[in-house]
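Here's the structure we're looking at; comments come further down.
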Amino acid sequence: MEEDLFQLKQLPVVKFRRTGESSRSDEDGISGEHEVQIEGVRTELEPVELGDGAAVPKEFANPTDDTFMVEDAVEAIGFGKFQWKLSVITGLAWANAMEMMILSILAPQLHCEWRLPSWQVALLTSVVFVGMMSSSTLWGNISDQYGRKTGLKISVLWTLYYGILSGFAPIYSWILVLRGLVGFGIGGVPQSVTLYAEFLPMKARAKCILLIEVFWALGTVFEVLLAVVVMPTLGWRWLLILSALPLLLFAGLCFWLPESARYDVLSGNQEKALATLKRIATENGAPMPLGKLVISRQEDRGKMRDLFTPHFRWTTLLLWFIWFSNAFSYYGLVLLTTELFQAGDVCSISSRRQEVKAKCSLTCEYLTEEDYTDLLWTTLSEFPGVLVTLWIIDRIGRKKTMALSFLVFSFCSLLLFLCVGRNVLTVLLFIARAFISGGFQAAYVYTPEVYPTATRALGLGTCSGMARVGALITPFIAQVMLESSVYLTLLVYSGCCLLAALASCFLPIETKGRGLQESSHKEWGQEMVGRGSHSPG
């Protein structure tokens, strides 16, 4: 008898209330004394006897609580077949990198074919980012108000439609408008990360979000390979049409996507959320937690003011600058790569520009086979970038990963001041792109983790919008300012990334090892503190 009483005292304390909520005592980790308050008893439950030392059966996934939250269910079900399918489908949406990579290929082609001055070439790139900037917050608001799946489907179908239409543009003004509308649709594609993150258990979240970034890298590589085959034979119009293929495949598969259970619970749709969780458990072959799914306090969703509460104000402002710097530097490097390869090295750009101006302001050069080869090599750097970020992000944390990525990019930018040959130039561009893409990926991991469910999509959307501001400005630095001074151009990118590294260090919240916050009315990370991870100490 005494031994049984001793074993009972080791059990975690649970207080059962008539409201349907359950919580562990705040004094669990402080005092060895434990109380169990039972105000209402469910008499229909039958007792289960276990032998000495026997483990609790797997079917009883949550035997001590009479309620559970979505976070508990996601953690109990774990990672399985459902998440693998979701990874592939959301990855297809993420392959919209093809629509972005095409900018560095399309610009020199239209510059030559339509005899466009440099400012019109830069405007063709910038208009895509204007569309993305103007729509990112809108898509985030739609995703918070009407569901992640709804926002994602509409944005992808929009991008697909206008991406194909832009291949039929007869004149410059038409392609300018159509590419702007493509950018408007691309602004909603990052919401795939919001939907994806909300189905992932805590331990797998960072790795999985980084791994779907592989689809971005695959998209950029496929775009260069497609350009090598299509541009000499079919031309840029077919390149634009064929670049929409991944989105066409996604459009056919997106009806399989479920709505986020976290969103359904927050919007009061408990039955739909429970059905989604049961579907995931069935596909993964895992048990559902016992008890009743708790409906979170319903909140106003998608409100901009929630991003500037005292708890999130500093985080929001720093993240906006970090995302701005990421896109400004990443797309700047993509555009600089073709310029630098056509010149041969940094030191010859100034003399080359002067010779071109002496001949004709509209003199152009098509991308050669060697240019495409080197472009492919620098594009392949996306994969090492994913691997490096994957290795360090759970070791040193999200903030330090972003800071390190910015510092390495800044250092490589400064090394470009040297008159290096083409081979060394390719290596430096390879390293710089690997780390700036890694920093971008770390930001995509951190941002959905730091905001609560009610503002998660809006927070990601506004950050994505600030990134597009950086991407909007960067063509005028990488293509227009470059004509005046290559050194000033490199100094701008290097200085911006140094400031972004500092901003990453000053972020007030580190999300490594934390659960997703469900409600903005709770302390950050409260959902995972003390839940399912109690230890005798």
Distance in nm between pseudo-label sites at E510 and E369 (7 Å out along the Cβ direction from Cα): 5.2 nm
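Considering only protein heavy atoms and a 1.4 Å probe, what is the carbon-and-sulfur percentage of the accessible area of segment 238-327?
Numbers: 2510 of 4040 Å².
Roughly 62 percent of what the probe reaches on segment 238-327 is carbon or sulfur.
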Given the whole protein assembly as supplied and a 1.4 Å probe, what does the accessible area of C496 come to in Å², nearest 10? 20 Å²
Neighbourhood net charge (13 Å Cβ-Cβ; Lys/Arg +1, Asp/Glu -1) for F168: +2
Can you order the peptides 83-91, 179-187 by their average number of other Cβ atoms within 10 Å per residue, highest first? 179-187, 83-91
Can you give me the distance in nm between label points at W391 and L376, each placed 7 Å from the Cα along the Cα-to-Cβ direction? 2.6 nm
For segment 104-151 and segment 201-248, what is the separation of their C-alpha centers, rounded to whole Å? 16 Å
Within segment 66-294, what is the number of lysine pairs with alpha carbons under 18 Å apart, leaving out pairs fewer than eight places apart on the same chain? 10
Take T233 and L414, extend 7 Å from each Cα along the Cα→Cβ direction, and tell me the distance between the two endpoints in nm. 4.8 nm
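Around A503, what is the net charge, scoring Lys/Arg as +1 and Asp/Glu as -1 over all other residues with Cβ under 15 Å from its Cβ?
Combined, the nearby Lys, Arg, Asp and Glu give +3.
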Any residue on another chain or 5+ positions along whose placed amide H is under 5 Å from the amide H of K292 is listed here as T67, F68
Quick one: net charge around W377, please, counting Lys, Arg +1 and Asp, Glu -1 for every other residue with C-beta under 14 Å from its C-beta. -3
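The values are calculated or read from the model by the stated rules, or taken from the named source; none is laboratory data. All figures in this text were calculated on a predicted structure; none of them were measured in a lab. Neighbour counts run over all protein chains shown; Cβ positions are idealised from the backbone, glycine included. For accessibility, only protein heavy atoms count, side chains too; no ligands or nucleic acids. Shrake-Rupley method; radii C 1.70, N 1.55, O 1.52, S 1.80 Å.
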